[in-house]
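To start, the structure itself, in structure tokens.
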Amino acid sequence: MKYDIKDLNLAKKGALRIEWARNNMPVLRMVYGRFKKERPLKGVNIAACLHVTTETAVLMEVLKAGGANVVLCASNPLSTQDDVAASLVHNLGIPVFAIKGEDTKTYYKHIEAVLSFHPRITMDDGADLVSMIHQHPEKFLAKDVLGGTEETTTGVIRLKALAQQKRLLYPIIAVNDALTKHMFDNRYGTGQSTIDGIIRATNKLLAGSVVVVCGYGWCGKGVAKRAQGMGANVIVVETSPLSALEAVMDGFQVMPIKEAARRGDIFITVTGNLNVIRKEHFLLMKDGAIVCNAGHFNAEIEIPALERLSRSKKTIRDFTDEYTLVNGRRIYLLGEGRLINLAAAEGHPAQVMDMSFSNQALSVEYILENHNKLKQAVYKVPDPIDSEIARLKLASMGVRIDKLTKEQKKYLASWQMGT
Ligand SMILES: NC(=O)c1ccc[n+]([C@@H]2O[C@H](COP(=O)([O-])OP(=O)(O)OC[C@H]3O[C@@H](n4cnc5c(N)ncnc54)[C@H](O)[C@@H]3O)[C@@H](O)[C@H]2O)c1
């Protein structure tokens, strides 16, 4: 079996950490039980490009239990947990191509490696894998792909753009757009793990500091709320009037990045956009300002400008680079501007990935059952899957809710019929 990982000897540690995640993913365990019995993915090749974390390992177990042949590469050069990669290879026999800290060339070589397994289904996080297929459709036999799934906001945006240009070659299910994904994973998962990553990288006290959150979407809302909960004074930077208004009414100060740049102690970008913090902003920052990113690509902070403005650079702690600017001030860049929650911490907690990855597994089953009916378009996760995941999650938490009475159902139906 071909694979490319850091060290197979890490497998034992990885297996224990995967066990911990599995214990916290009750919904996915239920899917595992059914898949093992029914084998709905029997013989199907799946190429996955995801963050190689303990939760992803549990998803790989589920796909394998369903009968799929799975291969996995990383969806970010810094997010791989090498012990998890080792355990997947050693204990599950899954070919993994991912090493934490791999360079860009190796990152793309690894994507090519999983594509050489001739997938019928692709599973992506950020659309790098699907983009590679679209760049070389003949080489990677795009015509044989039945469909794919996409995990994150940025990936869905890229794929919807391809569909709009009529260039998308097969159907995609936008897992990110399921309510049981973005309402929980992006908000609570990115919210908590971003703060976790900053603390692990810096051990800074948040209480009393000024935290600037750029982007008040699903992820930004989660980050801002959790930073506030730890005693930080939070400033939100937005470009959308609606999201800015929401931030104001949620009790945050809102202002342009140019003003926030002078005030912040810690800056977090989470917009999915380009060069949100730029040269002119670095020049305004206080000595000791910390800058990091939780958006998908490492393009939100203009790192080349920071490099050009600096007279020296040193790594002062793991995932913390100190840049001394020509004006003598120091700026600390965390995790090379890559997703800080995955670079310096462990990514989202298993409890939220339970729902995101149940959406992934059930969407793969849905594609296999329905690919004849699907067009070359980006689809929502079907509502029945979304609400079933919420129901199972609540049940696993021991939370019960009310049912509509017959009278209430009739009353609501009468409004829908316009009577
Ligand atoms: N770190 C993680 O683990 C993780 C998890 C989920 C999503 N993501 C990524 O995080 C990013 C944001 O995702 P989301 O679901 O919150 O998206 P979203 O679309 O809900 O929110 C993005 C927000 O950023 C704002 N914005 C855009 N450009 C801006 C700018 N220049 N300045 C300030 N605000 C700006 C938009 O108006 C919008 O409100 C995406 O790249 C997504 O893929 C990361």
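The values are calculated or read from the model by the stated rules, or taken from the named source; none is laboratory data. This one's a predicted model, so the numbers in the text were calculated from it and none came from an experiment. In this analysis, Cβ positions are derived from the backbone assuming ideal geometry, glycine residues included, and neighbour counts consider all displayed protein chains.
Brief remarks follow.
- Among the residues of region 355-374, those that are out of contact with any helix residue (DSSP H, G or I) (no Cβ under 9 Å at 6 or more places or on another chain) and not in a helix (DSSP H, G or I) comprise H371, N372, K373.
- Of all residues in region 132-184, those satisfying the criterion of being assigned to a helix (DSSP H, G or I) and in contact with a Leu (Cβ under 7 Å, 6 or more places away or on another chain) are M132, I133, H134, A142, L159, L162.
- Extreme residue, surrounded by the fewest Cβ atoms within 10 Å (Cβ to Cβ), among residues of region 313-358 that are closer than 30 Å to G66 by Cα and of a type in the set (S, T, Y): S356
- Considering A48, A113, A74, the condition of being surrounded by fewer than 24 Cβ atoms within 10 Å (Cβ to Cβ), of a type in the set (A, V, I, L, M, F, W, C) and touching a Cys at 6+ places or on another chain (Cβ under 8 Å) is satisfied by A113 alone.
- Of all residues in region 185-222, those being part of a helix (DSSP H, G or I) and more than 9 Å from the ligand (Cβ to nearest atom) number 10.
- Here R120 meets each of (1) closer than 19 Å to T149 by Cβ; (2) of a type in the set (K, R); (3) within 21 Å of the chain's Cα centre (by Cα) with one exception, condition (3).
- Single residue of region 316-373 satisfying the filter (without any contact (Cβ under 8 Å) to a residue 24 or more places away in the chain and of a type outside the set (D, E)) that is nearest to the ligand (Cβ to nearest atom): Y323
- Pairs are defined by a Cβ separation below 9 Å, a sequence spacing of at least 6 or placement on different chains, a first member in region 193-217 that is at positive phi, and a second member that is hydroxyl-bearing (S, T, Y) and within 11 Å of the ligand (Cβ to nearest atom); the pairs so defined are G215/T239; G215/S243; G215/T269; G215/T271.
- Residue selected from region 48-92 under the condition β-branched (V, I, T) and touching a Phe, Trp or Tyr at 6+ places or on another chain (Cβ under 8 Å), by the criterion farthest from G337 (Cα to Cα): V62
- Scanning region 30-79 for residues that are without any contact (Cβ under 8 Å) to a residue 40 or more places away in the chain and either hydrophobic (A, V, I, L, M, F, W, C) or not in a helix (DSSP H, G or I) (or both) returns R39, K42, G43, M60, A65, G67, V70, A74.
- Top-ranked residue in region 4-16 [being in contact with an Asp or Glu (Cβ under 8 Å, 6 or more places away or on another chain) and crowded, with 18+ Cβ neighbours inside 10 Å; ranked as nearest to H348 (Cα to Cα)]: G14
- Residue in region 289-300 that is of a type in the set (S, T, N, Q), touching a helix residue (DSSP H, G or I) at 6+ places or on another chain (Cβ under 7 Å) and within 16 Å of the ligand (Cβ to nearest atom) present: yes
A quick yes/no check of all residues on (1) modelled with pLDDT of 95 or more; (2) more than 20 Å from G337 (Cβ to Cβ):
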residue	(1), (2)
A142	no, yes
D185	yes, yes
C219	yes, no
Q228	yes, yes
N233	yes, yes
E246	yes, yes
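- Evaluation of D402 against (1) part of a loop (DSSP other than H, G, I, E, B); (2) surrounded by fewer than 23 Cβ atoms within 10 Å (Cβ to Cβ); (3) under 17 Å from the mean Cα position of the chain (by Cα) (one fails), failing number: (3)
- Selection status of A261, within 16 Å of the ligand (Cβ to nearest atom), at pLDDT 95 or above, surrounded by fewer than 20 Cβ atoms within 10 Å (Cβ to Cβ) and assigned to a helix (DSSP H, G or I): no
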